[in-house]
Amino acid sequence: MPDHVHLLVDCDPQYGINKLVRLIKGRSSRLLRQEYPSLKRRIPTLWTNSYFVATVGGTPLEIVKQYVENQRNV
C-alpha cells in the first residue's frame, strides 16, 4: 500500500506552498473520511504534518508530468 502521493501543482508564491499543502491535506482528509467512515476508527490522522516540496525550474512540464505518472509503477 502506498504511503505517499506525488502532486504537480502550480502555486502562486504570494499564497504560499504551506497554505496549499494544508488545504489539500484538509480537504482530502475530510472527503475521504466522508466517503469511507471506517477510516475515522482505523486511522486517527490521515496525513502527517510533514511534506516535501521541490521546484521543477526550467525542466519542461511534460518531462515532470511523465516522471509523476511513472511513480505509479514504482
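K25: surrounded by 11 or more Cβ atoms within 10 Å (Cβ to Cβ), assigned to a helix (DSSP H, G or I) and within 14 Å of the chain's Cα centre (by Cα), yes or no?
yes
Kindly indicate whether any position in segment 62-69 is loosely packed, with under 10 Cβ neighbours inside 10 Å and either part of a loop (DSSP other than H, G, I, E, B) or touching a Pro at 6+ places or on another chain (Cβ under 9 Å) (or both).
Checked segment 62-69: no residue is loosely packed, with under 10 Cβ neighbours inside 10 Å and either part of a loop (DSSP other than H, G, I, E, B) or touching a Pro at 6+ places or on another chain (Cβ under 9 Å) (or both).
Which one of these does L46 not meet: (1) in contact (Cβ under 8 Å) with a residue 24 or more places away in the chain; (2) in contact with a Leu (Cβ under 9 Å, 6 or more places away or on another chain)?
(1)
In the set L31, L20, which member is surrounded by 10 or more Cβ atoms within 10 Å (Cβ to Cβ), in a helix (DSSP H, G or I), at pLDDT 95 or above and touching a Cys at 6+ places or on another chain (Cβ under 7 Å)?
Numbers: L31 fails: touching a Cys at 6+ places or on another chain (Cβ under 7 Å).
The match here is L20.
The values are calculated or read from the model by the stated rules, or taken from the named source; none is laboratory data. What you are looking at is a predicted structure, and each value in this text was computed from that prediction instead of being measured. Methodologically, a virtual Cβ is constructed for each residue, glycine included, from the backbone with ideal geometry; neighbour enumeration extends over all protein chains shown.
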